[in-house]
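Worksheet: the structure to be examined is printed underneath.
The values are calculated or read from the model by the stated rules, or taken from the named source; none is laboratory data. Note that the coordinates shown come from a computational prediction; the quantities given were computed from them, not determined experimentally. Cβ placement follows ideal geometry from the backbone for every residue including glycine, while neighbour counts extend to all protein chains displayed.
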Amino acid sequence: MKLKFFLSIFLMSFLTVFVFSQSALEIVKKSDDKFRGISSYSVLKMQIKRADWSREMKMKAWSKGEDESLILITSPKRDQGITFMKKKNEMWNWQPTIQRVIKMPPSMMMQSWMGSDFTNDDLARQSSIVNDYIHKIIGEEKIDGKVCFIIELKPKEDAPVVWGKVKMWISKNDFLQLKAQFYDEDNYLVNTIYSSNIKEIGGRVLPTVMKLVPADEPKNSTTMEYELLEFGVKFKQDFFSVKNMKVIR
């Protein structure tokens, strides 16, 4: 009888852990699918703030699944025409002033993107928050009146990830990512992304403003705002190509 009792307790504990890990994965997947879409086109504004200066940029972005994306800088004038393209885990940069395409080596991926708090790796998204992490619900918290799951993501062994840990706040009712914290391998907080200004865009209700704040420089920030977002865009076969990087407008 004692053996049966302990076996039943063990099985109940195992099933509880299994169900919660599955639900955490499903929550993250639903949230990721909601924002990503199969393909998209967007117009964005980026504002970089520092203690003694600030600058604003505008850009267009195209994406297809997880593996292909292209970004065109449209302003300011000095940066106009600069493009970045990602294909799978590789990234290229076209510099019109020197008429040169640069393939970015892995050593450049953690460098600042266009002087912002985002990195080249943030754009390349070399890792997948769905496939490369183990997910666990660790609590709940309200953000802007929305009850959110707090989900901890820890990298799978040998996964191609930059972060030692990620924590995400995803709303229970509509699976919106409202906050995310990124930690290094020593468990130190590196930066936090706050998402806000929820409204209908591209036929979906989504946060349209993302503000990244580095932990070591809390007065600095980079804010990305979606001015236009369309899903289900169709592309020509050679759209995501080095050739198109040079002529896209």
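A few remarks follow.
- Meets criteria (part of a strand (DSSP E or B), under 15 Å from the mean Cα position of the chain (by Cα) and among the hydroxyl-bearing types (Ser, Thr, Tyr)) for SER40: yes
- Positions within segment 50-78 being surrounded by 12 or more Cβ atoms within 10 Å (Cβ to Cβ) and either aliphatic (A, V, I, L, M) or at pLDDT below 90 (or both), in sequence order: MET57, MET59, ALA61, GLU66, ASP67, LEU70, ILE71, LEU72, ILE73
- Scan of segment 147-162 for residues that are in contact with a Ser or Thr (Cβ under 8 Å, 6 or more places away or on another chain) and not in a strand (DSSP E or B), ordered by number: ALA159, PRO160, VAL161, VAL162
- Residue count for segment 88-106, restricted to those that are within 21 Å of the chain's Cα centre (by Cα), surrounded by fewer than 16 Cβ atoms within 10 Å (Cβ to Cβ) and outside any loop (DSSP other than H, G, I, E, B): 2
- Those residues of segment 181-207 which are in a strand (DSSP E or B), under 16 Å from VAL162 (Cβ atoms) and either in contact (Cβ under 8 Å) with a residue 60 or more places away in the chain or not aliphatic (A, V, I, L, M) (or both), in sequence order: GLN181, PHE182, TYR183, ASN191, THR192
- MET109 meets the conditions (1) among the hydrophobic types (A, V, I, L, M, F, W, C); (2) surrounded by fewer than 20 Cβ atoms within 10 Å (Cβ to Cβ); (3) more than 15 Å from the chain's Cα centre (by Cα) in every case but one. The failed one is (3).
- Qualifying positions in segment 113-137 - assigned to a strand (DSSP E or B) and within 15 Å of the chain's Cα centre (by Cα): THR119, TYR133
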